[in-house]
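Participant: After the structure tokens below, expect a handful of questions from me.
The values are calculated or read from the model by the stated rules, or taken from the named source; none is laboratory data. Every value quoted in this text rests on a predicted model; they were computed, and no experiment measured them. Cβ sites come from the backbone with ideal geometry, for glycine too, and all protein chains shown count toward neighbours.
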Amino acid sequence: MTFILNFLSLGIPFSVALLIASLGEMFNQRAGIFNLGCEGIMAMGAFLGMLIPYSIGRGADVPGIYNYLGLLVATGVGALLGLFFAMVVVTFRAPQGIAGIGLQMFGVGTAGTLFRHFVGGTQSIPGINRAPIPFLADIPVLGPLFFNHNPLVYVAFFLVPIAWYVLFKTPWGLRVRAVGTHPRAADSIGIQVNKVRFQALALGGALAGLAGAYLSLCQAKMFSDEIIAGRGFIAVALVYFGHWNPVKIMGGALLFSLAQALQLAIQGLGIDFPYEFLVMLPYVLVILVLTLSRKAQHMGPTALGKPFNREMRT
């Protein structure tokens with residue numbers, strides 16, 4: 001029983017970075033843009049998120065406030081990188097796959113370079129600690145499992161119904177889905193396709209930056225070159241796995257994070273088993289699920305990955 005509780009309590013916070021980044025990528029893809037640069041934006045968010053409290057928060061009267069300032073800076077820079085990516089792929093209509101890989105390399109490389117310049121080496125920070133919900137956290141079994149987490153854990157899961165409502169119940173969400181499904185028809189009724197895509201990419205970038213800051217401020221409480229560890233690419237895959245639906249994406253994020261938590265829990269038991277295979281488990285699981293998920297091929301935005309040029313018929 002203790003093993004199961006430890007396994008589940010690890011899985012929930014592990015899912016947060018994936019969930020936030022995947023929700024942002026969902027808006028990107030719903031608008032017709034395939035952003036492989038999510039990993040780079042997360043890396044920049046992770047670095048800037050920890051740099052603020054590390055550089056100006058030490059010795060301050062209220063050091064905790066700089067953690068949240070770090071979250072805001074990471075989110076803002078993520079939005080700017082999303083707009084930069086939008087300029088490249090929407091305005092200049094560059095190939096989205098190549099541009100995304102370029103953004104990934106730029107973000108990871110820049111974050112690592114700035115980290116070595118301003119910090120120099122691995123440095124821990126106090127970060128943002130757990131915030132138990134009064135009364136609910138005292139419930140046996142369920143309390144520690146669901147109501148004794150970092151504040152950003154609650155925010156991440158609260159974003160799921162918000163994202164669902166925005167996407168399916170608001171005029172802006174309808175415009176996003178329209179430009180990702182049939183941009184020429186959307187343009188014919190007065191929707192500014194490029195403007196909507198810029199907005200969706202800014203939102204997706206902001207959420208990716210926030211996801212990266214969660215890793216450095218809340219989970220690891222430090223920054224390293226490998227802190228993202230492929231989560232940006234997994235987030236892109238989870239959108240496909242979740243059929244571009246926030247609720248299903250949340251399920252995919254939990255599935256991956258529980259696999260990650262399982263390999264850590266098994267290692268903690270001291271079982272004589274090559275740990276490299278356990279580390280591979282979450283990534284192999286994602287590949288397997290995506291391979292078997294054939295239905296998603298016919299459910300995605302039909303204009304995904306296709307640049308829009310209103311002066312051309314195709």
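Matching residues to (1) under 16 Å from the mean Cα position of the chain (by Cα); (2) within 30 Å of K248 (Cβ to Cβ):
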residue	(1), (2)
L8	no, yes
F14	yes, yes
S22	yes, yes
R30	yes, yes
F47	yes, no
Y66	no, no
L72	yes, yes
L83	no, yes
I98	no, yes
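Participant: Quickly run through the range 280-312 and pick out the residues that are closer than 15 Å to V193 by Cβ and at pLDDT below 75.
Facilitator: Selection gives E311, M312.
Participant: So how many residues does the range 259-279 have that are modelled with pLDDT under 70 and in contact with a Leu (Cβ under 7 Å, 6 or more places away or on another chain)?
Facilitator: Of the residues in that region, 1 qualify.
Participant: Which condition breaks for G212 when tested against (1) more than 13 Å from the chain's Cα centre (by Cα); (2) at pLDDT 90 or above; (3) under 16 Å from A111 (Cα atoms)?
Facilitator: (1)
Participant: Restricting the range 170-179 to residues that are touching a residue at least 24 places away in the same chain (Cβ under 8 Å) and crowded, with 22+ Cβ neighbours inside 10 Å, which is farthest from G305 (Cα to Cα)?
Facilitator: V176
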